[in-house]
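Structure first, commentary second.
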Amino acid sequence: MRLGPFSTVLIIAAASTMIAAAPPDVPRTRGQLVGERVGYFPGWGVWDGFHVKDIDRAASKLTVVNYAFAQVTKDGECIEANNTPLSDAWADYQRPASAAESVDGVADRPEQNLKGNFNQLRELKQRHPHLRVVMSLMSSHFSDSALTPDSRRKLVSSCVELFIKGNLPELPGEEKTEGGPGSAFGIFDGIDIDWEYPAVQNAHGHVYRQEDTRNFTLLMAEFRRQLDEVGREKKRAYILTAALPPSVRKREKIEAAEVAEYADFLNIMTYDFAGPWSADGPTDHSANLHLSTGETAESRQLSAAEAVRAYVKMGVPARKVVLGVPFYGYGWKGVPAENDGLYQSAASAVPTHDYRFIARQPGKVFRDPAAQAAWKYDARTGDFWTYDDATAVQAKAAFVREQGFGGIMMWTLSGDDEQGTLVDAVHTGLQNRG
């Protein structure tokens with residue numbers, strides 16, 4: 001996943017109620033929606049004016065909302081705290097929502113023991129009873145936390161206590177009434193693991209070991225065990241998912257088939273194939289569905305379709321493989337006009353932007369028919385954008401439906417425009433045409 005538009009994923013289904021892609025030999029009703037529709041909600045969105053209320057329209061077209069993110073401490077525990085870069089309890093459950101920010105149009109009362117995003121998620125679920133909300137975990141310390149049986153039990157127990165049982169700490173706050181035993185019970189329907197990436201060094205300096213490959217599997221097994229245990233106690237079915245990488249180098253470090261045995265489904269982060277880390281280009285597709293024909297292009301080596309098919313070859317059932325789509329894009333400046341800017345050098349990269357920003361920028365939209373990818377290029381300025389528009393997203397959703405994969409994951413819902421253009425494209429693409 002990404003922490004901006006993904007550093008820069010969504011999630012899940014109770015075993016008894018999951019809407020998964022049916023095998024090809026199972027008849028489907030015309031117009032039936034096929035697969036999961038998983039959307040990430042960024043917990044920090046409130047600081048940019050993006051609230052849970054803003055996904056109310058989309059919620060009817062989603063099956064799961066992944067809340068991004070809860071953090072795991074160096075000591076190997078899930079945390080809710082303030083005054084630490086690892087957590088923002090104020091946004092999560094202490095900040096009073098105004099009437100204008102609230103899903104139900106009613107301001108939070110001072111005496112409520114649950115406010116903030118968590119209470120708004122509760123209100124969202126009341127309006128959309130089919131919707132499941134999953135807590136997504138991100139950490140630089142998964143390697144330490146998953147290292148031994150004791151450390152795995154400790155981590156999972158702390159996450160279950162906080163988010164499944166809802167036992168939030170009573171922290172100093174504006175009214176000093178928030179939190180307490182059971183205060184968040186019933187909000188979260190499962191856990192999503194975003195370990196980037198087991199047994200692979202990354203640019204963020206997270207701890208990694210070769211043992212991570214096996215320990216990731218064992219961590220998923222421990223989450224499955226404890227979620228099932230509390231599920232029997234609470235008479236609920238809890239779901240477990242994970243966000244997995246698309247590239248060969250990273251996915252070969254994962255025991256995908258065994259991990260899938262413990263997961264309800266797996267969200268494949270099929271994006272970030274090219275981007276501003278190559279500031280001088282070449283420009284390329286960042287999330288192409290199929291391989292491109294560019295002679296030296298990264299998109300000729302990696303595609304969303306290749307990645308999800310690879311996981312099936314690794315032993316993951318197709319119905320558990322969910323294809324990720326980005327609601328953001330990357331750009332370059334100073335791109336020459338040859339080939340309408342595609343596969344060209346650049347003077348510099350530009351900051352990552354949401355789809356809703358890129359859609360408003362000047363330039364002409366072009367399409368790569370082989371890759372089924374879009375890009376925007378302004379010949380006057382030399383500005384180039386690689387991103388998924390509605391046509392590209394709908395094509396991906398249709399591919400998922402036709403091939404019997406498990407659905408679509410969206411990072412993040414805050415990147416869509418006010419009309420919900422991209423969520424609508426997912427919904428349309430997943431509708432059975434038979």
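The values are calculated or read from the model by the stated rules, or taken from the named source; none is laboratory data. Here the structure is a predicted model, which is why all the values come from computation and not from measurement. All Cβ positions, glycine included, derive from the backbone under ideal geometry; neighbour counts span all protein chains shown.
Quick test of your reading of the structure: Ala243 fulfils all but one of (1) in contact with an Asp or Glu (Cβ under 6 Å, 6 or more places away or on another chain); (2) of a type in the set (A, V, I, L, M, F, W, C); (3) surrounded by fewer than 24 Cβ atoms within 10 Å (Cβ to Cβ). Name the failing condition by number. Every listed condition holds for Ala243 apart from (3). Which condition number does Asp144 fail, the rest of (1) farther than 30 Å from Gln210 by Cβ; (2) acidic (Asp, Glu); (3) not in a loop (DSSP other than H, G, I, E, B) being met? Against the list (1) farther than 30 Å from Gln210 by Cβ; (2) acidic (Asp, Glu); (3) not in a loop (DSSP other than H, G, I, E, B), Asp144 comes up short only on (1). Look through Asp280, Asp284, Asp264 and report the one residue that is among the acidic types (Asp, Glu), surrounded by 18 or more Cβ atoms within 10 Å (Cβ to Cβ) and either more than 17 Å from Ala373 (Cβ to Cβ) or at pLDDT below 95 (or both). Matching residue, one of Asp280, Asp284, Asp264: Asp264.
Exactly one condition in (1) at pLDDT 95 or above; (2) farther than 19 Å from Arg225 by Cα is false for Lys165; which is it? Against the list (1) at pLDDT 95 or above; (2) farther than 19 Å from Arg225 by Cα, Lys165 comes up short only on (2). Looking across Val134, Val160, Val156, Val207, one residue alone is at pLDDT below 95 and more than 22 Å from Asn83 (Cβ to Cβ). It is Val207. Considering Gly341, Gly329, Gly324, Gly334, the condition of being modelled with pLDDT of 95 or more, of a type outside the set (Ser, Thr, Tyr), more than 27 Å from Asp192 (Cβ to Cβ) and surrounded by 21 or more Cβ atoms within 10 Å (Cβ to Cβ) is satisfied by Gly341 alone.
Yes/no per residue for (1) buried (at least 17 other Cβ atoms within 10 Å of the Cβ); (2) assigned to a helix (DSSP H, G or I); (3) over 22 Å from the mean Cα position of the chain (by Cα):
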| site | (1), (2), (3) |
| --- | --- |
| Gly105 | no, no, yes |
| Pro110 | no, no, yes |
| Gln120 | yes, yes, no |
| Gln126 | no, yes, yes |
| Val160 | yes, yes, no |
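Pro24 meets all of the listed conditions (1) assigned to a helix (DSSP H, G or I); (2) modelled with pLDDT under 95 but one, namely (1). Among the residues of region 191-208, those identified as surrounded by 14 or more Cβ atoms within 10 Å (Cβ to Cβ) and under 21 Å from Thr73 (Cβ atoms) are Ile191, Asp192, Ile193, Asp194, Trp195, Glu196, Tyr197, Pro198, His206, Val207, Tyr208. Counting just the residues of region 276-331 that are charged (D, E, K, R) and in contact with a strand residue (DSSP E or B) (Cβ under 8 Å, 6 or more places away or on another chain), which one comes out nearest to Val365 (Cα to Cα)? Checked region 276-331; the qualifying residue nearest to Val365 (Cα to Cα) is Asp284.
Residues in region 207-251 that are under 14 Å from Ile164 (Cβ atoms) and not polar (S, T, N, Q): 18 in all.
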